[in-house]
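The values are calculated or read from the model by the stated rules, or taken from the named source; none is laboratory data. The model shown is predicted, which means the values in this text are computed figures rather than measured ones. Please note: Cβ atoms are built from the backbone with ideal geometry, for glycine as well, and neighbour counts cover all protein chains shown.
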Amino acid sequence: MPDDSVLMRVLLIASPAGAPPDLAHADALVLDHAPAAEPAWLPPLRRRPGALPLYVRVAPSAADLAAALALRPDGIVLPGVADAGDVARLGVRLSVHEAETGIPDGATRIVAGLDGTGALLRFGGGSERFARLAGLFCAFDALARDLGVSASSRAPQPAPLAQARGLLVLAAAALRVPAFDMPGPSPDRATVEAACRDGFRGGFAETAAAAAVLAAVFGRDPSVAGGPLGALPLG
């Protein structure tokens, strides 16, 4: 089991059907869907000393979650979260799985993807606390399409999208977990630095090159002159 005290900043997304991922700049590995069979390259990666946490992104179905849990992941990436109840219900299912398989209770973490403006407005505003919760994110490109505004990272963010990003950061702060950005497959450093200044504490990387940019900004790469911009955990 990876060290749970290690701060996750760079979550590298990989396809189970693809080649072994380059984990040089990653803090966690995220399989982009629950595979029918474990990828041949995965067990050797998990046996390495200092192996990174393994997360699996799941669809909202019992079969998909069962396939993900068969891998005994360190966490689940749950997109499409409408409210705190979605996270609570997954937590119950994870507790049952842990009890049945001898995994310590609460060991399987959750990174929750808030779905739309309603979730952003509701989540984090109540008294709920989730011991399993390891972070929040939002698919802002999809949200921009729903709002009918541009999501271009090379222009000032439209006011509704900027407000949505702020709501995610505030919700994460209320729950004392990091907010993760989703900057796309080819983020430029200026865009990632802006996200870091806005309060994001890490991000999802779709490629090894993107992981390198995120690592340089969010502080995993110790060679960056001047130190990390986003190295402070939410304590």
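Candidates in region 172-188 are the residues that are touching a residue at least 40 places away in the same chain (Cβ under 8 Å) and touching a helix residue (DSSP H, G or I) at 6+ places or on another chain (Cβ under 7 Å); of these, the one that is farthest from A131 (Cα to Cα) is M182.
Within the set of pairs 6 or more residues apart or between chains, which connect a residue that is touching a residue at least 24 places away in the same chain (Cβ under 8 Å) and farther than 11 Å from G184 by Cβ inside region 198-213 to a residue that is of a type in the set (D, E) and outside any helix (DSSP H, G or I) with Cβ atoms less than 6 Å apart? Filtered contacts from region 198-213: F200/D181; A208/D22.
Among the residues of region 51-58, is any over 30 Å from A212 (Cβ atoms), in contact (Cβ under 8 Å) with a residue 40 or more places away in the chain and surrounded by fewer than 19 Cβ atoms within 10 Å (Cβ to Cβ)?
Checked region 51-58: no residue is over 30 Å from A212 (Cβ atoms), in contact (Cβ under 8 Å) with a residue 40 or more places away in the chain and surrounded by fewer than 19 Cβ atoms within 10 Å (Cβ to Cβ).
Taken over region 131-141, the residue count meeting the criterion of being surrounded by 15 or more Cβ atoms within 10 Å (Cβ to Cβ) and either at pLDDT below 85 or of a type in the set (G, A, S) (or both) is 3. Scanning region 70-82 for residues that are within 17 Å of the chain's Cα centre (by Cα) and not in a strand (DSSP E or B) yields P73, D74, A82.
Could you run through region 35-69 and say how many residues are part of a loop (DSSP other than H, G, I, E, B) and among the aromatic types (F, W, Y)? Spell out how you get there, then give the answer.
In the first step, residues of region 35-69 are kept if they are part of a loop (DSSP other than H, G, I, E, B); the result is 35-41, 48-53, 58-61.
Filter again for among the aromatic types (F, W, Y), leaving 41.
Qualifying residue count for the region: 1.
Here R165 does not fit the description of being among the basic types (K, R) and in contact (Cβ under 8 Å) with a residue 60 or more places away in the chain.
Of all residues in region 126-148, those that are among the basic types (K, R) have Cβ atoms under 7 Å from Cβ atoms of residues that are modelled with pLDDT of 85 or more and assigned to a strand (DSSP E or B), 6 or more apart or on another chain, in R132/R109; R132/I110. Filtering region 174-224 to residues that are surrounded by fewer than 24 Cβ atoms within 10 Å (Cβ to Cβ), touching a Pro at 6+ places or on another chain (Cβ under 6 Å) and outside any helix (DSSP H, G or I) leaves E206, T207, G219. Residues that are within 16 Å of V56 (Cα to Cα), outside any helix (DSSP H, G or I) and among the β-branched types (V, I, T) within region 83-116 comprise T108, I110, V111, listed in sequence order.
Filtering region 17-25 for residues that are surrounded by 20 or more Cβ atoms within 10 Å (Cβ to Cβ), under 20 Å from G202 (Cβ atoms) and touching a residue at least 60 places away in the same chain (Cβ under 8 Å) leaves a non-empty set. Among the residues in region 34-56, are any under 12 Å from the mean Cα position of the chain (by Cα), within 24 Å of D141 (Cβ to Cβ) and modelled with pLDDT of 95 or more? Checked against the condition, which is being under 12 Å from the mean Cα position of the chain (by Cα), within 24 Å of D141 (Cβ to Cβ) and modelled with pLDDT of 95 or more, region 34-56 yields at least one hit.
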